[in-house]
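What follows is one structure encoded as structure tokens, with my remarks underneath.
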Amino acid sequence: MIRFIVSNRYRVISHISSWINHSTRVNRIYQKFISEIVMLSYFRCVMEEVVHIRDIQKAYTTVKALKGVTFSVPRGSVFGVLGPNGSGKTTLLGILLDVLKADQGSYEWVGYSEPHQARQQIGSLLETPNFYSYMSAADNLRISAKIKGRGEEQIDEVLKLVNLFERRDSRFSSFSLGMKQRLAIAAALLGKPDILVLDEPTNGLDPVGISEIRDLIRQLNHSGTTIIMASHLLDEVEKVCTHVAILRKGELLTTGSVLDVLNDEDRIELDAADRKALMSALSRNSSLKNLREDGVVQCSAVDGYTMNQINQYCFEQGIVLTHLVKKKRSLESKFMEITQS
């Protein structure tokens with residue numbers, strides 16, 4: 001009777017909520033009891049994590065690729081590891097997949113006592129897809145399944161999922177870059193893994209190919225797959241990821257939900273004939289923050305505090321504004337602020 005769908009934005013849709021509130025067959029005690037079950041189930045979905053990464057460090061001779069990286073990945077999320085080239089993204093994914101060994105630190109795939117047990121439930125795509133050019137898509141997947149030791153009976157299923165079933169008998173050499181990338185994801189899906197780890201899944205693709213891969217990632221996540229993906233593209237992370245960790249030169253700068261980390265809050269610009277008095281008045285207003293002077297006075301407002309309220313406040317302080325404008329802050333400016341601070 002109770003069914004929940006947790007989307008990639010962790011919005012929980014309860015198909016019983018209307019029935020709970022309006023049914024004459026359920027008294028208030030049962031309504032309260034069922035509501036508590038609903039909330040407990042929701043928080044369990046949101047708070048459960050799939051991997052814990054603790055103080056991971058890795059160096060190549062004199063180059064420190066990772067410098068004490070620590071964060072956790074929520075189950076059911078699309079988690080983006082974002083950073084410019086050379087920030088340590090691929091190295092980190094390689095360590096999580098047991099391809100590379102960390103010099104220091106540890107990681108734990110939740111629910112698995114041994115790394116090899118976790119690997120059986122992880123599909124991965126690192127670097128460039130590697131298939132036999134003269135073989136068909138289906139034959140290449142058969143080889144992948146035999147190497148994995150599972151998933152051969154799912155070849156048609158995964159080809160349909162990545163929209164390549166009609167080309168299953170075509171040679172790999174005849175595929176576009178986007179099709180090759182989708183075939184690599186199909187190979188990663190053999191064995192029905194709970195987790196996908198993807199390194200730059202849209203790298204080198206044209207806009208059509210990028211759109212195809214993004215749609216596929218969303219589709220897989222909606223079906224319940226946790227996806228960890230590395231990217232140097234801010235736009236990609238903002239469009240498909242629910243959570244993000246930002247790396248720069250091996251250091252973790254920040255991590256959290258995309259909405260929190262890449263918060264594109266508006267910037268408010270003000271000015272008055274007596275700018276000193278304006279700065280003084282605004283500094284006393286608890287609804288305004290991030291106050292600074294840069295050609296004009298700039299600040300941001302807490303949620304719900306309007307431009308009309310700002311103008312009214314200044315007027316009550318004896319200040320007549322000569323300039324009052326709200327400017328949308330770009331995600332790019334927020335990202336640059338994080339990576340250059």
Quiz item: Label-point separation (nm) for residue 128 and residue 173, each offset 7 Å from Cα along Cα-to-Cβ?
Solution: 1.6
Practice problem: Quick one: what are the phi-derived ³J(HN,Hα) couplings along region 126-142, Karplus 6.51/-1.76/1.60 with θ = phi - 60°, whole Hz, x for glycine and proline? | Solution: 10, 6, 7, x, 10, 10, 7, 5, 8, 9, 6, 4, 5, 5, 4, 5, 4
Quiz item: Can you work out ³J(HN,Hα) from phi for every residue in region 95-108, in order, using Karplus 6.51 cos²θ - 1.76 cosθ + 1.60 and θ = phi - 60°, giving whole Hz and x for Gly and Pro?
Solution: 5, 5, 8, 6, 7, 10, 9, 6, 6, 7, x, 8, 9, 9
Quiz item: Full extension from residue 292 to residue 332: what is 0.36 nm times the residue separation minus their Cα-Cα distance, to one decimal in nm?
Solution: 12.4 nm
Quiz item: Say the dipole of region 133-273 comes from +1 at the beta carbon of Lys and Arg and -1 at that of Asp and Glu; which of 254, 188, 224 then lies farthest toward its positive end?
Solution: 188
Quiz item: Counting only residues 5 or more places away or on other chains, whose amide H sits under 5 Å from the amide H of residue 151 once H atoms are built in the peptide plane?
Solution: 191
Quiz item: Along the principal axes of its C-alpha atoms, what lengths does region 176-319 span, in descending order and rounded to whole Å?
Solution: 69, 30, 27
Quiz item: Based on the Kirkwood radius over alpha-carbon pairs, what is the Stokes-Einstein translational diffusion coefficient of region 145-228 at 10 °C with 1.306 mPa s viscosity, in µm²/s?
Solution: 121
Quiz item: What order do 307, 229 take when sorted by accessible area (1.4 Å probe), most exposed first?
Solution: 307, 229
Self-check item: Label-point separation in nm, residue 215 to residue 269, each point 7 Å along Cα→Cβ
Solution: 4.0
Quiz item: Which whole-Hz ³J(HN,Hα) couplings does region 117-122 yield from phi under the Karplus relation 6.51 cos²θ - 1.76 cosθ + 1.60, θ = phi - 60°, glycine and proline marked x?
Solution: 5, 5, 4, 5, 10, 10
Quiz prompt | Alpha carbon Rg of region 238-341, scaled by the compact-globule rule 2.2 N^0.38 Å | solution = 1.28
Self-check item: Counting all C-alpha pairs of region 64-196, share separated by more than 24 Å (%)
Solution: 37
Quiz item: Which pairs break 18 Å Cα to Cα here: 101/146; 289/328; 148/192; 146/180; 67/334?
Solution: 101/146; 146/180; 67/334
Self-check item: Highest to lowest packing among 140-146, 78-84, scored as the average C-beta count within 10 Å
Solution: 78-84, 140-146
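The values are calculated or read from the model by the stated rules, or taken from the named source; none is laboratory data. Because the structure is predicted, anything quoted here is derived from the model rather than measured. Every residue, glycine among them, receives a Cβ derived from its backbone with ideal geometry; neighbour counts consider all protein chains shown. Side chains included, ligands, DNA and RNA excluded: accessible areas come from the protein's heavy atoms. Shrake-Rupley method; radii C 1.70, N 1.55, O 1.52, S 1.80 Å.
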